[in-house]
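Please read the structure below before turning to the comments.
The values are calculated or read from the model by the stated rules, or taken from the named source; none is laboratory data. Keep in mind the model is a prediction, meaning the values are calculated, not measured. Every residue, glycine among them, receives a Cβ derived from its backbone with ideal geometry; neighbour counts consider all protein chains shown.
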Amino acid sequence: MNRNNFLSAISGRNFACDILVIGGGATGLGVAVDAATRGFKTVLLEQSDFAKGTSSRSTKLVHGGVRYLAQGNVRLVVEALRERGRMRRNAPHLVKGMRFIIGNYKWWERPFYSVGLTLYDILAGKMGLGRSLPMSAKKVMKEIPGLKRMGLKGGVVYHDGQFDDARMAVSLAQTAADNGGICLNYMKVTGLEKDINGKITGVKASDLLVDKEYRIKSKVVVNATGVFVDEIRCMDSPETKKMVRPSQGVHLVVDQKFLGGKSALMIPKTSDGRVLFGVPWHNKVVLGTTDTPLENPELEPHALEEEVDFILDQAGQYLAAQPTRADVLSVFAGLRPLAASDAGDNQKTKEISRSHKIYKTKSGLLTITGGKWTTYREMAEEVVNLATRIGALEQKKCVTANLKLHGYAAKVDDSTWDYVYGSDAERIAELIQEDKKNGDLLHQNYTFNVAHVLWAVKEEMAQTVEDVLARRLRALFLDARAAIEMAPEVARIMAKELNYSEEWQQGQVKEFTELAGHYIVH
Ligand SMILES: Cc1cc2nc3c(=O)[nH]c(=O)nc-3n(C[C@H](O)[C@H](O)[C@H](O)COP(=O)(O)OP(=O)(O)OC[C@H]3O[C@@H](n4cnc5c(N)ncnc54)[C@H](O)[C@@H]3O)c2cc1C
């Protein structure tokens, strides 16, 4: 992945591609991988950094969705369970199996959840990650020592996948690039180009790093901009009806000691009738989430005070040591691009289907929204199948069901941060062999080092301090105060590598510190 090489490729006078994707989140990157691996000339344009939007702000689950089973949405669960298995098989360095424990406090809960979760296992079939089983209160406490013992009658364990969302996005961009695709970050689509018959022939885009305009021709344009799809649809037809209702979900990150083990906690019914998770992630615990309808989508959404209090309150009802505001290491908010249904605006966002929707307009614009990270691959396959028809492209079979993603490594040791790089970890180790100073840590409490920053700049197209600390190293999401402390050193390393001025460094540190302030709970 090299941004300058990608820019020169699209700058050629007669450059034209087969499929152009707008949006570099899970959905767009999935489409780019699918299109590039089928051999189509593919370009993806992202206005900010890859996974800057919703795709770095998920609960980090690769799951069939136990909740959707309870809602009777069997088709969605079967589809997601199949994709869960494929995602784990194709990127074992980023997706791992995890044990989820449901504590039972009423006599009927154990048989009730055991039956439901056995059905979950049956639906997963060969792709299952392990059997669900009832367990005694003593065993539950062994798995989650941080749980409140009082009133606990027993529990049930079931299995799902867990991953690092932003790292998966980087791996998808690299996989697309490995297969000839062009993925550009900081390239905002500002308009759609049409021929005299009103058919879309390409896009106008602006390189936000240098303020330069591009016109890129494409046979098909796919709008995969998450909660922003309506903005692109308005460029196509200004009086278009809104198809997305954004719903905000907030997560808090706290110390691992609050759960105390390696298993995740699943609270099946919060006071507002939702599910709450406590998920171990990079030696911390992610608690969440909420479901707050919003009018206008933002790229950097902020958690509401009441959402923070709600999560602390609900988690505190189950955990022996009740987490407080002072325990929150980071808070992050993400927006679900829920596809608005015909049921109208009165429908509660928690009831809107999580399945995806694809729309095609007369001009040929293909828009995809909704769905989840877990089903990104299948969504992409569907979109590219349609795109080949719209663009009269050669019919070629999708190959992603068994495609090993960039960095694939069958076995990784997840006790250190380096496991997220999979097979690339060796090359990062070489940077330290070349110069011992590259092994210097960025912060005394974390294993992130100089080599990781260099790697992010050289190989992963990180352009800003935020790209490195939020999405290549996840420091901002794990511990916002520590991330602020790391920022000056990261800026210094980047400036040296990219030949940027002292002024650039200072500007970057200031911008990052301001942003990270919103990830701190006071
Ligand atoms: C709180 C929460 C928890 C979730 N948890 C899970 C989970 O545990 N497991 C799971 O499977 N799924 C989960 N999901 C769902 C999953 O995260 C989303 O379905 C997925 O990330 C959506 O990806 P996307 O690519 O459609 O959108 P996004 O990630 O938002 O990507 C859209 C991109 O388009 C870009 N863009 C917008 N306008 C333009 C333009 N004009 N030009 C160029 N680029 C543009 C944006 O910058 C953005 O990066 C969760 C979602 C939320 C909100």
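Taking the criterion of being surrounded by fewer than 20 Cβ atoms within 10 Å (Cβ to Cβ), part of a helix (DSSP H, G or I) and either near the ligand (Cβ under 10 Å from one of its atoms) or not basic (Lys, Arg) (or both), the residues of segment 315-339 that qualify are Gly316, Ala326, Asp327.
Yes/no per residue for (1) loosely packed, with under 15 Cβ neighbours inside 10 Å; (2) modelled with pLDDT under 95; (3) closer than 23 Å to Arg75 by Cα; (4) in contact with a Pro (Cβ under 9 Å, 6 or more places away or on another chain):
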residue: His93; (1), (2), (3), (4): no, no, no, no
residue: Ile102; (1), (2), (3), (4): no, no, no, yes
residue: Met127; (1), (2), (3), (4): no, yes, yes, no
residue: Gly146; (1), (2), (3), (4): no, no, no, no
residue: Gly151; (1), (2), (3), (4): yes, yes, no, no
residue: Ala166; (1), (2), (3), (4): no, no, no, no
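Here is the figure for segment 256-295: residues that are of a type in the set (Val, Ile, Thr) and not in a loop (DSSP other than H, G, I, E, B) total 5. When we screen Ala340, Ala321, Ala303 for residues that are touching a residue at least 40 places away in the same chain (Cβ under 8 Å) and out of contact with any strand residue (DSSP E or B) (no Cβ under 8 Å at 6 or more places or on another chain), the only hit is Ala321. Taken together, Val227, Val203, Val189, Val221 contain a single residue that is within 30 Å of Val420 (Cα to Cα) and either charged (D, E, K, R) or not in a loop (DSSP other than H, G, I, E, B) (or both), which is Val227. If I ask for residues that are within 11 Å of Thr27 (Cβ to Cβ) and either in a strand (DSSP E or B) or aliphatic (A, V, I, L, M) (or both), which ones from segment 360-384 would you list? Residues satisfying the conditions are Thr367, Ile368, Thr369, Met379, Ala380, Val383.
Can you pull out the residues in segment 155-178 that are more than 14 Å from the ligand (Cβ to nearest atom) and of a type in the set (A, V, I, L, M)?
Let us first name the residues in segment 155-178 that are more than 14 Å from the ligand (Cβ to nearest atom), namely 155-159, 171, 174-175, 177-178.
Within segment 155-178, Val156, Val157, Ala177 meet the criteria.
When segment 350-405 is limited to residues that are basic (Lys, Arg) and over 30 Å from Ala70 (Cβ atoms), the one that is surrounded by the most Cβ atoms within 10 Å (Cβ to Cβ) turns out to be Lys404.
From the list Gly191, Gly198, exactly one residue is surrounded by fewer than 18 Cβ atoms within 10 Å (Cβ to Cβ), within 16 Å of the ligand (Cβ to nearest atom) and at pLDDT 95 or above. Which is it? Walk me through it before giving the result.
On the way: Gly198 fails: within 16 Å of the ligand (Cβ to nearest atom).
Sole residue among the options that is surrounded by fewer than 18 Cβ atoms within 10 Å (Cβ to Cβ), within 16 Å of the ligand (Cβ to nearest atom) and at pLDDT 95 or above: Gly191.
Of everything in segment 290-299 that is in contact with a helix residue (DSSP H, G or I) (Cβ under 7 Å, 6 or more places away or on another chain) and not hydroxyl-bearing (Ser, Thr, Tyr), the residue that is surrounded by the fewest Cβ atoms within 10 Å (Cβ to Cβ) is Pro293.
The criterion of at least 2 residues that are more than 16 Å from the ligand (Cβ to nearest atom) and of a type outside the set (S, T, N, Q) is met by the following strands (runs of 3 or more DSSP E) wholly inside segment 1-104: 16-22, 95-104.
Only one residue in Val509, Val490, Val453, Val468 is surrounded by fewer than 23 Cβ atoms within 10 Å (Cβ to Cβ) and part of a helix (DSSP H, G or I). Which one?
Val509
For segment 247-289, the tally of residues that are more than 24 Å from Gly97 (Cβ to Cβ) and surrounded by fewer than 23 Cβ atoms within 10 Å (Cβ to Cβ) stands at 7.
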